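Visitor: Below are the structure tokens for one structure; questions will follow.
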Amino acid sequence: MVLMEAPVVMVGSDAVEVDRRLIAGELACPCGGRLAPWGHARERVVRGVGVLRPRRARCGACRLTHVLLAVSCLLRRADAVEVIGAALRMKAAGKGHRRIAEGFGRPASTVRGWLRALARNAERVRSVCMALLVGLDPLGGPVPAHPTVFADAVEAVGACAAAARRRLGVLGAVSPWQAASALTHGRLLTTGGITESINTSSPLGAPA
Ligand SMILES: [Zn+2]
């Protein structure tokens, strides 16, 4: 599994769209500069998505290079965010990792890894999503509370993604979990980086 250590910019729901927007000069660095093509990162296989060779891009202003990760993926995970998100929702509803793993045909250890990673991140994911939610939908009602922080985090992701989809019509082709991936810059299950990167760019790649 290739680890993507470089800063990640989340864009588009597929590689063709990422390439098109990059070449058209539509993608901005978190610093505000324009990104230009800069080769590719190493190839990786993402189950449910396919073989990916993510684009690298370089900012003309700050000179940083970024890996452009499609919103169908999460940083350092070999499964599509759709699959991982569905597993997280099942866990929030009380299912154990073995039954979830059986349902998806994935190793129990892989699923346990996802669940533990969100459990570690749950409070941060919840608070980041709740803060975003206030900005996206200031008049929205309260989000239902659950017995566990894990379930609260999953609820907050869903509420936030739904609000983002309502607010930004460009998200038509992006699913709620893909929106969640974009909102957390691919770091839903990765320690560090969510809060730091969350406000630095248009999180959903909407046109400026
Ligand atoms: Zn920059």
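The values are calculated or read from the model by the stated rules, or taken from the named source; none is laboratory data. All values derive from a computational prediction rather than experimental measurement. Cβ sites come from the backbone with ideal geometry, for glycine too, and all protein chains shown count toward neighbours. The protein model used for the area step is the full one, side chains on, heavy atoms only, and it has no ligands, DNA or RNA in it. Shrake-Rupley method; radii C 1.70, N 1.55, O 1.52, S 1.80 Å.
Visitor: Out of Arg76, Arg106, I need the residue that is away from the ligand (no atom under 16 Å from the Cβ), on the phi > 0 side of the Ramachandran plot and surrounded by 15 or more Cβ atoms within 10 Å (Cβ to Cβ). Which one?
Guide: Unique residue meeting the criteria: Arg76.
Visitor: Before we move on, is Ala24 farther than 30 Å from His146 by Cα, open to solvent by 40 Å² or more (accessible area, probe 1.4 Å) and not polar (S, T, N, Q)?
Guide: Yes; evaluated as a whole, the condition is true for this residue.
Visitor: Counting just the residues of segment 2-33 that are within 12 Å of the ligand (Cβ to nearest atom) and not in a strand (DSSP E or B), which one comes out modelled with the highest pLDDT?
Guide: Checking each candidate, the answer is Gly33.
Visitor: Still on this structure, please answer the following. Among the residues of segment 34-64 satisfying the criterion of being touching a Leu at 6+ places or on another chain (Cβ under 9 Å) and within 13 Å of the ligand (Cβ to nearest atom), which is most open to solvent (accessible area, probe 1.4 Å)?
Guide: Arg34
Visitor: Go through segment 117-208 and tell me which helices (runs of 4 or more DSSP H), entirely inside it, have 1 or more residues that are touching a helix residue (DSSP H, G or I) at 6+ places or on another chain (Cβ under 7 Å), modelled with pLDDT under 85 and under 22 Å from Val67 (Cβ atoms).
Guide: Where helices (runs of 4 or more DSSP H) fall fully within segment 117-208 and carry at least 1 residues being touching a helix residue (DSSP H, G or I) at 6+ places or on another chain (Cβ under 7 Å), modelled with pLDDT under 85 and under 22 Å from Val67 (Cβ atoms), they are 176-183, 194-198.
Visitor: Find the residue count for segment 93-109, including only residues that are assigned to a helix (DSSP H, G or I), more than 21 Å from Val71 (Cβ to Cβ) and in contact with a helix residue (DSSP H, G or I) (Cβ under 7 Å, 6 or more places away or on another chain).
Guide: Total satisfying the criteria: 5.
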